[in-house]
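Here is the structure we will look at.
The values are calculated or read from the model by the stated rules, or taken from the named source; none is laboratory data. Remember, it's a predicted structure, so these values are computed and weren't measured experimentally. All Cβ positions, even for glycine, are placed from backbone atoms using ideal geometry, and neighbour counts span all protein chains on display. Keep in mind that these areas ignore ligands, DNA and RNA; they rest on the heavy atoms of the full protein, side chains included. Shrake-Rupley method; radii C 1.70, N 1.55, O 1.52, S 1.80 Å.
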Amino acid sequence: MQRVLVVAMSGAGKTTAAGRLADVLGLPFHEMDALAIGPGWATPPTFVADVERIVREPGWIFDSWGPPDVRDTMWAAADTVVWLDYPRRVVLPRLLRRSLSRSWHREKIFGGNVELWRDWLSPVHPFWHAVTNFAARRAYLAERTARETHLRTVHLRTPAEFDTWLALVVGDGA
């Protein structure tokens, strides 16, 4: 396990899980949103080149299934996918709390951007996007992990399963 994608719906805890796994494995962790989102919610001009450079490295962990312009590159370079396939009842409340907190506190996130209250009116707001695309994202990840036979897939269905699995990784001296 040297080149890992931690994949899930927004709000499942990909960033936290990927960071914890990176600590255990001693691998560099790359937060996709920090790479892909610049000021004004724009994609930085070096984004694709940055991801292509990272995936050529011998070891890394991303907290993403990959934006379309780098997705195939990431999946081809990975050796492991950790799929946090948590139910809606876990993911959507987490995402709702996170977005409400960010909006309320005007918290600066990727590229110095802020989630504004008016953003909630957009169907691409992270919460509404998750609500409307939950089943489609799950189906895509099921199909993609089945198709990518070069990958080891770790399919976890609850946060407790992740914690148990991570303890096993630590115990293996990974």
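Quick notes on this structure:
- Residue list for region 118-144, filter: among the polar types (S, T, N, Q) and either open to solvent by 60 Å² or more (accessible area, probe 1.4 Å) or touching a strand residue (DSSP E or B) at 6+ places or on another chain (Cβ under 7 Å) (or both): 132
- Close pairs (6 angstrom Cβ cut-off, 6 or more residues apart or separate chains): under 15 Å from residue 30 (Cβ atoms) and in contact (Cβ under 8 Å) with a residue 12 or more places away in the chain in region 65-94, in a loop (DSSP other than H, G, I, E, B) and of a type in the set (Lys, Arg) anywhere: none
- Every residue from region 149-174 that is at pLDDT 95 or above and open to solvent by less than 30 Å² (accessible area, probe 1.4 Å): 151, 154, 156, 162, 165, 166
- Checking each residue in region 140-174 for being part of a helix (DSSP H, G or I), within 16 Å of the chain's Cα centre (by Cα) and among the aliphatic types (A, V, I, L, M) picks out 141, 142.
- Summed over region 11-45, residues that are farther than 15 Å from residue 110 by Cα and in contact with a Leu (Cβ under 9 Å, 6 or more places away or on another chain) total 11.
- Search result, residues across region 121-174 that are acidic (Asp, Glu) and in contact (Cβ under 8 Å) with a residue 12 or more places away in the chain: 148
- Odd one out for residue 56 among (1) within 28 Å of residue 169 (Cα to Cα); (2) in contact (Cβ under 8 Å) with a residue 40 or more places away in the chain; (3) basic (Lys, Arg): (2)
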